[in-house]
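We did not get these values from a lab; they are worked out from the coordinates using the rules stated. Because the structure is a prediction, the values reported are computed rather than measured. Here the Cβ positions follow ideal geometry from the backbone for every residue, glycine too, while neighbour counts run over all protein chains shown.
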Amino acid sequence: MSTCLDSSLELGCELSTFADLLAYRAQNQPNRTAYTFLHRGETEVGKLTYQELDRQARAIAARLQSMRAIGERALLLYQPGLEFVAAFMGCMYASVVAVPAYPPRRNQKLTRLQAILDNARAMVVLTTATLLENIERRFAEDPKLATMQWLTTDNIPNELASDWQKPTISSNTIAFLQYTSGSTGTPKGVMVSHGNLLHNSALIHQCFEHTPDSRGVIWLPPYHDMGLIGGVLQPLYGGFPVALMSPVDFLQQPLRWLQAISRYRGTTSGGPNFAYELACSKITPEQKASLDLSSWEVAFTGAEPVRAETLERFAATFEPCGFRREAFYPCYGMAETTLIVSGGLKAATPIVQQVEGAALEQNRVIAARGEESTRKLVGCGKSLVDGKIAIVDPKTSTLLPDNQVGEIWVASPSVAQGYWERPEETEATFNAYLADTGEGPFLRTGDLGFLQEGELFIAGRIKDAIIIRGQNHYPQDIELTVEKCHPALRPNCGAAFAVEVNGSERLVIVQEVKRSYLRKLNVKEVVESIRRAVTAEHNLQVYATVLVKTESIPKTSSGKIQRHACRAGFLAGTLNVVEDWSENPKSKVKFLQLQADVESILEKLKAVKRVSNQ
């Protein structure tokens, strides 16, 4: 596959890879600033023009070629910054499969990193000299890390660029492995080709109506699909500058994000729902007075359920700063589709649909007539060029009509090639066919949703759906009810899931407590508030409520709640508990021990099966 960027390139140009694109930019816009990095989200500590990035990438590629790494996998361990951008493009130039991963934090277990290394079988690890020094101290935890080949790229001389040899690669060549965030289980490496990247980048460029005059401001982690493809590669595709900052700097002070948009006159920026919530709760009226958000044209939001209440709150809070609610751009996508799947019109106000909660629990969509037991769902746009979205019964693989909830299936040139070295899961996920028509192949997303006049609405994930007494309950709805029921509870920091007790599914709530409430927490009052609210809103009884310490609930790199990990921590008794309440404490202890033993045995049996299959 090749693409012609007639709107962003002055000359018609057939391109097969992002390396071709960067080379074009370096030749035709050599001195234009491509990337600026902000230390603590405020101070410029580095810039890269297209020419400088091209030269650094060629030098890194030449070093990789001298190591005979063509076609091999290279693990990229970098803090957010310009070094990561140069290393990623260096892999592109060398035809090395990049494997972006976030470096482990201090005292963080190396489990995820080990899983990625085992699956990717990386030949070399790329990083910076400073980060390597820090990681070397942890080699004792995992001797395999010590045996890896390490390459620090921040001290490779640019003169090596002249040694670079252009490799033979095509649009079908794997560009990188995007390891899934692990919100539902073991991370899997999605094989994203150069063709996938160019197709999806063209979709984003078209949806967001980017021009060379656009300006990006991105705090999202570069090892996540939204941060990498939407934040780092889309500006390169569109030929416009972007200011980058670390997600940690944003999380510590959300004001930095909006200040950067104000300062750099950002036109495109965004993030998951929690980012907008955080800005509303942490930015004071005095701080708002210094912001000018009138340049913000595309405030994209995705990667987790988009809440209508959040959009309304953010728009009302920052309207005095020049923010327009029409700037909101809810969209839907995932790593398996490279990034974007659906989106709307840039100038349109988000579509919000109120539906009856009870009907939704039975997978039916009925417009709400009253205020009681309603759900507000935000539309995530329509299927994009060359793509198709189908709503399918996950049990029968047959197409469902509009206004019925089913699994979202996607067909598009942006759909990736599958999971790295996981043929069975690739076949099951990427090669689905409709049983009634034979149409396919489709990607099974594992997400639940419905269509209304082509507009896609997301209801939840199949694996996260809580089925109690034959009715579906979506955890994000229960979590929203919980966080709003008492001021001591942290927004976007709760998990709802089910466990089996005496043959029946029972509801468990794990919820963080705000730091300011830890010493004065009235546990009985909080637990009772949660129980009352969940019963009133969802007609469910809470089996167990676990209040945990601030910033301790498991999350992915993009801020999604890891319900799978929360459930595992609950069963194993490893959560950082402030207070633990259950309907029957004695019975619960015995149940947890039995459940943990059973699940441990099942995991061992699965491991034995995997070994025997090999």
- request: Report the label-to-label distance for Lys282 and Thr147 in nanometres (one decimal), using points 7 Å from each Cα along the Cα→Cβ vector.
  value: 4.2
- request: Express in nm, to one decimal, how much length is gained between Arg40 and Asn28 on full extension, taking 0.36 nm for each residue of separation and deducting their alpha carbon distance.
  value: 1.1 nm
- prompt: Taking Cα atoms, how many degrees apart are the long axis of helix 563-572 and the longest axis of the chain, rounded to 10 and kept between 0 and 90?
  reply: 60
- request: Name all residues of segment 336-357 having a backbone nitrogen under 16 Å from the label point set 7 Å from the Cα of Glu326 along its Cα→Cβ direction, giving them as ranges.
  value: 344-351
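Here is the link list: Lys288/Lys382; Lys388/Lys484; Lys395/Lys463; Lys346/Lys514; Lys382/Lys484; Lys524/Lys549. Which ones come out longer than 25 Å on Cα distance?
Lys288/Lys382; Lys388/Lys484; Lys346/Lys514; Lys382/Lys484
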- prompt: Roughly speaking, what is the centre-to-centre gap between segment 433-500 and segment 263-302 when only Cα atoms are used, to the nearest Å?
  reply: 27
message: Residue by residue through segment 236-243, what is 3J(HN,Hα) from phi via Karplus (6.51 cos²θ - 1.76 cosθ + 1.60, θ = phi - 60°)? Round to whole Hz and write x for glycine and proline.
response: 5, 4, x, x, 10, x, 9, 9
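What length, rounded to one decimal in nm, is gained on full extension from Glu309 through to Thr130, with 0.36 nm per residue of separation minus their alpha-carbon distance?
60.2 nm is the gain from fully extending Glu309 to Thr130.
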task: Specify the angular offset, from 0 to 90 degrees and rounded to the nearest 10, of the alpha carbon long axis of helix 194-207 from the longest principal axis of the alpha carbons in the chain.
output: 70
field: Phi to ³J(HN,Hα) by Karplus 6.51 cos²θ - 1.76 cosθ + 1.60 over segment 457-464, Hz, x for Gly, Pro
entry: 10, 9, 9, x, 10, 4, 5, 8
message: Quick check on segment 416-493: take the gyration tensor over C-alpha atoms, sort the square-rooted eigenvalues as a ≥ b ≥ c, and tell me if it's rounded (a/c under 1.5), prolate or oblate.
response: prolate
statement: Of 27-35, 90-98, ordering from highest average Cβ density within 10 Å down gives 90-98, 27-35
- line: Amide H neighbours of Ile462 at under 5 Å, excluding residues fewer than 5 places away on the same chain, with H built from the backbone geometry, are Asp447, Leu448
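Quick check on packing: order 487-500, 210-223, 273-286 by the mean number of other C-beta atoms within 10 Å, highest mean leading.
210-223, 487-500, 273-286
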task: Would you mind checking which residues have amide H under 5 Å from Arg364's amide H? H placed 1.01 Å from N; only 5 or more apart, or other chain.
output: Val405
statement: At R0 = 56 Å the Cβ-Cβ FRET efficiency linking Ala358 and Val248, nearest 0.05, sits at 0.85
Estimated distance in nm for a label pair at Ala115 and Asn576, the labels positioned 7 Å out from Cα along Cα-to-Cβ: 2.0
task: Mind checking the full-extension length gain between Ala347 and Val523? Use 0.36 nm per residue of separation minus the Cα-Cα distance, one decimal, nm.
output: 58.7 nm
field: Protection proxy ranking of 333-341, 560-568 - average other beta-carbon atoms within 10 Å, highest first
entry: 333-341, 560-568
- request: Name the long-range amide H neighbours of Gln452: under 5 Å, sequence gap of 5 or more, or other chain; modelled H, no Pro or chain starts.
  value: Phe457
message: Pairs of alpha-carbon atoms within less than 8 angstrom and 6+ residues apart define the contacts here; what relative contact order does the chain have, in percent?
response: 10
query: What angle do you read, to the nearest 10 degrees and between 0 and 90, between the alpha-carbon axis of helix 523-538 and the longest principal axis of the chain?
result: 90
Computed over segment 411-482: relative contact order in percent, which uses C-alpha pairs under 8 Å that are six or more apart: 17
